[in-house]
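The values are calculated or read from the model by the stated rules, or taken from the named source; none is laboratory data. If you're wondering where the values come from, they're calculated on a predicted model, not measured in any experiment. Using ideal geometry, Cβ is built from the backbone for each residue, glycine included, and neighbour counts are taken over all protein chains shown. SASA here: full protein model, heavy atoms, side chains in, ligands and nucleic acids out. Shrake-Rupley method; radii C 1.70, N 1.55, O 1.52, S 1.80 Å.
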Amino acid sequence: MSAHQGWRPAERRPSRPATARDVALVALERVDAGAYANLALPPLLRRTTLSASERAATTDLVYGSSRMRAALDFALAPLSRQPLDRLEPLVLRGLRLGAYELLFGGTAAHAAVAETVGAVARAGHRGQAGYVNAVLRRLAAAPPVWPDPDRDPVGWATTRGSHPAWIVEEAMALLGPRELVALVEADNTRPEVSLRATPGRVTRDQLLAELATAGVAARPSPLSPDCLLLERGDPGQLAAVREGRAVVQDAASALVAPAVGAGPGDLVADLAAGPGGKAGHLAALGARVLAVEVNPRRARLVAQAAGRIGVADRLLTVVADGRRPPLRPGQADAALVDAPCTNLGSLRRRPEARWRHGPEDIAGLVELQLALAEAAADAVKTGGTVLYSVCTWTKAETDGVVAELLKRRDDLRLEESRLLWPHRDGADGMFLARLFKVR
C-alpha cells in the first residue's frame, strides 16, 4: 500500500464563516462530534455579521438537517455511488444540508444546490464539492417517494418522519398507528418559544402586558399558568429575560417545581440540578434549595441561573453525585429528581436527541434513575415528598421506574403521576410522579 493510500485531506474553512451555509456546516460538524445544537450554534452566530433573517435561516438549516437526518439519508442513499457511512464527513454534511433545503426548506433547487456546493468548496476542496453537486442535482431531478402514513405508518415514521426504528416501535406499542403519526408530526414541528414568569418578580399577565407594549406577540400557555408562548423572535433580546423576570422554559417543565409542593422556607434537594431551570423555579417559589449537580460545567450554569433571576440567597449549588448527596438522612423537606433520560419528550427542541440514544441505553438510564430516586427518598423526612420527573415517555423510564421504586421502598406511597405528550398537550413530553414518604 502506498504511503498516501487512504489519506483524506483535512477539512478547512474560512476563519470567519461568511454565509448561513458556512456557519451551518461548522455547527453540524460540532453536533456530529457530540455537541448540542442549542449550545454549538449561538457562539458561532455571534462571531458573524449575518443579518437577523440570515441567522434565522442558519438556525433552520442546522436544526432542520439534524432533525430530518433519516429522511435525508433515505433520499440520498440511492443517488450516492458510495454508501453514505463511507463518505467523507464534510461531503455527508453537505449532502444533508443541501437535501434539507431541496426537500423541506422551500429553497429553489438551483439556489439550494449552488449555495451548498459553494459552502462545501470553501470548507474543503473541489473534489468534495463536485461530488456534492452531482448527488444534489440527481436529487433535485428525482425526489424520493415516501411511504404512505395511513397504509404504512411505521415505514413512514422511520423515513419521512425521520425517527429511529426503536423509538417508532416504542411509540407504536404505547399509542397505536394513528397517534404514532401524530406524535412524529409533533416532534418534527418547530416549537414556539415558551417563557415562564419568575415568581415574585412578575406575573404572567404583567409579562403579557409588557410584551404587548413592546409590540411582541404572545399568548397564554394553555398548559401552565405561569407560561406564555411567543409567536416569533429572539427571547434573549427581551428585557424581561435579560433581567431575570422571565426565563425560557417549556410549559411542561414549568409544571415540575410547583408539583414538588414545597412551602416557603422548606429545604428541597434537587439531585440532578443542571442546568438549573427547575432549581431556580423552586427557589423563586420560596424554597431553600440544595442544588446537587455532578458535572462542574452544568453546576456553574445552575449558579448562573440562580443569580440571573435573583434567588442566589436561597439556592446553594454543590458539585456532587446525586446518588450520594451531602445530606443527612431525613434532612430535606422534599426532593426533586429530574433525572437523566432518553429525552424523547424534547425532540422538538433538541433535534439531535433522537440520534444520541438507543434501546441499549435504557437499562443503564433506569439504573441511574432508580439510584437517584432512592437517594432522594433517603434524604427526605417522614411526611416529605419526592418528585420524580423525566422528559421522556418510554414505559421503562416512567411507570417502570415508579413501580420498581415502590417495590424496593415500602416507606413510599405514590400520590399521583402524569404523562404529557407533545401531540396531545402541545408541549414537551414529560412524566411526573409525586411520592409521599410515609415513615
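Within region 99-117, count every residue that is buried (at least 17 other Cβ atoms within 10 Å of the Cβ) and in a helix (DSSP H, G or I).
Residues that pass the stated criteria total 10.
What's the total number of residues in region 390-408 that are farther than 16 Å from residue 421 by Cα and in contact with an Asp or Glu (Cβ under 8 Å, 6 or more places away or on another chain)?
Going through region 390-408 one residue at a time, the tally reaches 2.
Filter region 402-421 for residues that are free of Cβ contacts under 8 Å to residues at least 40 places away in the same chain and hydrophobic (A, V, I, L, M, F, W, C); which is farthest from residue 175 (Cα to Cα)?
Looking at the filtered set, the residue picked out is 412.
Residues are listed down the side, and each one gets a yes or a no for (1) of a type in the set (Ser, Thr, Tyr); (2) modelled with pLDDT of 95 or more; (3) under 14 Å from residue 340 (Cβ atoms):
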position: 370; (1), (2), (3): no, yes, yes
position: 373; (1), (2), (3): no, yes, yes
position: 378; (1), (2), (3): no, yes, no
position: 381; (1), (2), (3): no, yes, no
position: 385; (1), (2), (3): yes, yes, no
position: 388; (1), (2), (3): yes, yes, yes
position: 399; (1), (2), (3): no, yes, no
position: 407; (1), (2), (3): no, yes, no
position: 410; (1), (2), (3): no, yes, no
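Collect the residues in region 294-314 that are basic (Lys, Arg) and either open to solvent by less than 90 Å² (accessible area, probe 1.4 Å) or not in a helix (DSSP H, G or I) (or both), keeping them in residue-number order.
298, 314
Test of understanding: among 196, 245, 190, which residue is in contact (Cβ under 8 Å) with a residue 40 or more places away in the chain and buried (at least 24 other Cβ atoms within 10 Å of the Cβ)?
Selected residue: 196, the only one of 196, 245, 190 that is in contact (Cβ under 8 Å) with a residue 40 or more places away in the chain and buried (at least 24 other Cβ atoms within 10 Å of the Cβ).
Restricting attention to region 276-293, which residues are among the small types (Gly, Ala, Ser) and assigned to a helix (DSSP H, G or I)?
277, 279, 280, 283, 284
Would it be correct to say that residue 273 is out of contact with any Phe, Trp or Tyr (no Cβ under 6 Å at 6 or more places or on another chain), surrounded by fewer than 24 Cβ atoms within 10 Å (Cβ to Cβ) and not in a strand (DSSP E or B)?
So residue 273 fails the test.
Kindly indicate which of 123, 165, 171, 182 is at pLDDT 95 or above, within 25 Å of the chain's Cα centre (by Cα) and surrounded by 21 or more Cβ atoms within 10 Å (Cβ to Cβ).
171
How many residues does region 56-94 contain that are in contact (Cβ under 8 Å) with a residue 24 or more places away in the chain and basic (Lys, Arg)?
Matching residues across region 56-94 total 3.
Take the conditions within 12 Å of residue 195 (Cα to Cα) and within 19 Å of the chain's Cα centre (by Cα) and apply them to residue 240. Does it pass?
no
Only residues that are modelled with pLDDT of 90 or more and not in a helix (DSSP H, G or I): list them for region 1-53, please.
Selection gives 19, 33, 34, 35, 36, 47, 48, 49, 50, 51.
Please work out if residue 323 is within 30 Å of residue 424 (Cβ to Cβ), open to solvent by 10 Å² or more (accessible area, probe 1.4 Å) and in contact (Cβ under 8 Å) with a residue 12 or more places away in the chain.
Taking the combined requirement at face value, the residue does not satisfy it.
Identify all residues within region 282-297 that are within 23 Å of residue 331 (Cβ to Cβ) and under 20 Å from the mean Cα position of the chain (by Cα); write none if there are none.
293, 294
Given the conditions (1) surrounded by 24 or more Cβ atoms within 10 Å (Cβ to Cβ); (2) in contact with a helix residue (DSSP H, G or I) (Cβ under 7 Å, 6 or more places away or on another chain); (3) outside any strand (DSSP E or B); (4) not β-branched (Val, Ile, Thr), which single one is not true for residue 389?
Result: residue 389 passes all but (3).
For region 199-226, what are the residues that are more than 20 Å from residue 305 (Cβ to Cβ), aliphatic (A, V, I, L, M) and buried (at least 16 other Cβ atoms within 10 Å of the Cβ)?
Result: 208, 211, 216, 218, 223.
So the check is Cβ under 7 Å with 6+ separation or different chains; which pairs have a first residue in region 363-376 that's within 10 Å of residue 324 (Cα to Cα) and a second one that's small (Gly, Ala, Ser)?
From region 363-376, the pairs are 372/272; 372/322; 372/339; 375/322; 376/269; 376/335.
Among (1) more than 24 Å from the chain's Cα centre (by Cα); (2) open to solvent by 20 Å² or more (accessible area, probe 1.4 Å), which single condition is residue 349 missing?
(1)
Any idea how many residues of region 406-420 are part of a strand (DSSP E or B) and over 22 Å from residue 393 (Cα atoms)?
Within region 406-420, residues that are part of a strand (DSSP E or B) and over 22 Å from residue 393 (Cα atoms) number 1.
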